[in-house]
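**Student:** Take this structure, written in structure tokens, and hold onto it; I'll ask about it next.
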Amino acid sequence: MKALTALRAVERTVLIALFLVMVCLYTGSVVTREIGGTFASRFAWIEEAVRIMNLFLVFLALGLALERGKHVGITNMRGKLPAPVLSVLLKFIDLVGLVMCFYVAWLALDLVQFVLKTGQRSPTLGVPMGYIYLAPVCGFLLLGLRYGLSLVGVIDRYQEVAE
């Protein structure tokens, strides 16, 4: 449980830091364009950096969102099912989610390897494009971890979380 608490803290810290850096960079970019004139062209990399950070922000938040019950779900049938049937159904959903997440992460990892072999680089930052494709790998692994923890009963993702 300590490892999960530490993982949550790291995820939140990374997400908050990414968001704050994105806001600061983009604000600086807008200000530079308004008052910088031709000097603003030196900061063209900011928009690409913010787009890449946004990708990582979205994918890295998947696990936390699932754990907190923030993913879209149809809940109107839950209250009508008998407890034993509901329990089996929820475990089945977790199992399917776990398998799908690891499959998508595996496919994304293949894509990362393929793109790294091509030598493609981002236009303004010069970052190898394969590294950018690591966002879905990390995100779906974290999401799969949450499905797995829910499957074995370590977390209860169906319980309402207080804000």
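The values are calculated or read from the model by the stated rules, or taken from the named source; none is laboratory data. The structure displayed is predicted, hence computed values, not measured ones. A quick note on method: Cβ atoms are made from the backbone with ideal geometry, for glycine too, and the neighbour counts reach across all protein chains shown. The protein model used for the area step is the full one, side chains on, heavy atoms only, and it has no ligands, DNA or RNA in it. Shrake-Rupley method; radii C 1.70, N 1.55, O 1.52, S 1.80 Å.
**Student:** What about Val88, is it under 25 Å from Leu151 (Cα atoms) and modelled with pLDDT of 95 or more?
**Tutor:** no
**Student:** Please work out which one of (1) open to solvent by less than 50 Å² (accessible area, probe 1.4 Å); (2) in contact with a helix residue (DSSP H, G or I) (Cβ under 7 Å, 6 or more places away or on another chain) is the condition Gly126 fails and give its number.
**Tutor:** Tallying (1) open to solvent by less than 50 Å² (accessible area, probe 1.4 Å); (2) in contact with a helix residue (DSSP H, G or I) (Cβ under 7 Å, 6 or more places away or on another chain), Gly126 fails exactly one: (2).
**Student:** Could I ask something else about it? Kindly indicate whether Val23 is more than 17 Å from the chain's Cα centre (by Cα), open to solvent by 60 Å² or more (accessible area, probe 1.4 Å) and not charged (D, E, K, R).
**Tutor:** Yes; evaluated as a whole, the condition is true for this residue.
**Student:** Which of the residues spanning segment 75-90 are open to solvent by 50 Å² or more (accessible area, probe 1.4 Å) and either out of contact with any helix residue (DSSP H, G or I) (no Cβ under 8 Å at 6 or more places or on another chain) or closer than 20 Å to Leu143 by Cα (or both)?
**Tutor:** If the condition is that a residue be open to solvent by 50 Å² or more (accessible area, probe 1.4 Å) and either out of contact with any helix residue (DSSP H, G or I) (no Cβ under 8 Å at 6 or more places or on another chain) or closer than 20 Å to Leu143 by Cα (or both), then Thr75, Asn76, Met77, Gly79, Lys80, Pro82, Ala83, Pro84, Val85, Ser87, Val88, Leu89 are the ones that fit.
**Student:** Can you pull out the residues in segment 120-162 that are in a helix (DSSP H, G or I) and over 16 Å from Leu55 (Cβ atoms)?
**Tutor:** Gly144, Leu145, Arg146, Tyr147, Gly148, Leu149, Ser150, Leu151
**Student:** Check whether at least one residue in segment 17-26 is in contact with a helix residue (DSSP H, G or I) (Cβ under 9 Å, 6 or more places away or on another chain) and in a loop (DSSP other than H, G, I, E, B), and report yes or no.
**Tutor:** no
**Student:** For Val72, all conditions in the list (1) assigned to a helix (DSSP H, G or I); (2) open to solvent by 80 Å² or more (accessible area, probe 1.4 Å); (3) not charged (D, E, K, R) hold save one; what is the number of the exception?
**Tutor:** So Val72 meets the others, but not (1).
**Student:** Now, a different point. For the condition of a type in the set (S, T, N, Q) and touching a residue at least 60 places away in the same chain (Cβ under 8 Å), what is the one hit in Thr118, Thr124, Thr75?
**Tutor:** Thr124
**Student:** Does Cys138 qualify as being touching a helix residue (DSSP H, G or I) at 6+ places or on another chain (Cβ under 8 Å), open to solvent by 50 Å² or more (accessible area, probe 1.4 Å) and hydrophobic (A, V, I, L, M, F, W, C)?
**Tutor:** Spelling it out, Cys138 is indeed touching a helix residue (DSSP H, G or I) at 6+ places or on another chain (Cβ under 8 Å), open to solvent by 50 Å² or more (accessible area, probe 1.4 Å) and hydrophobic (A, V, I, L, M, F, W, C).
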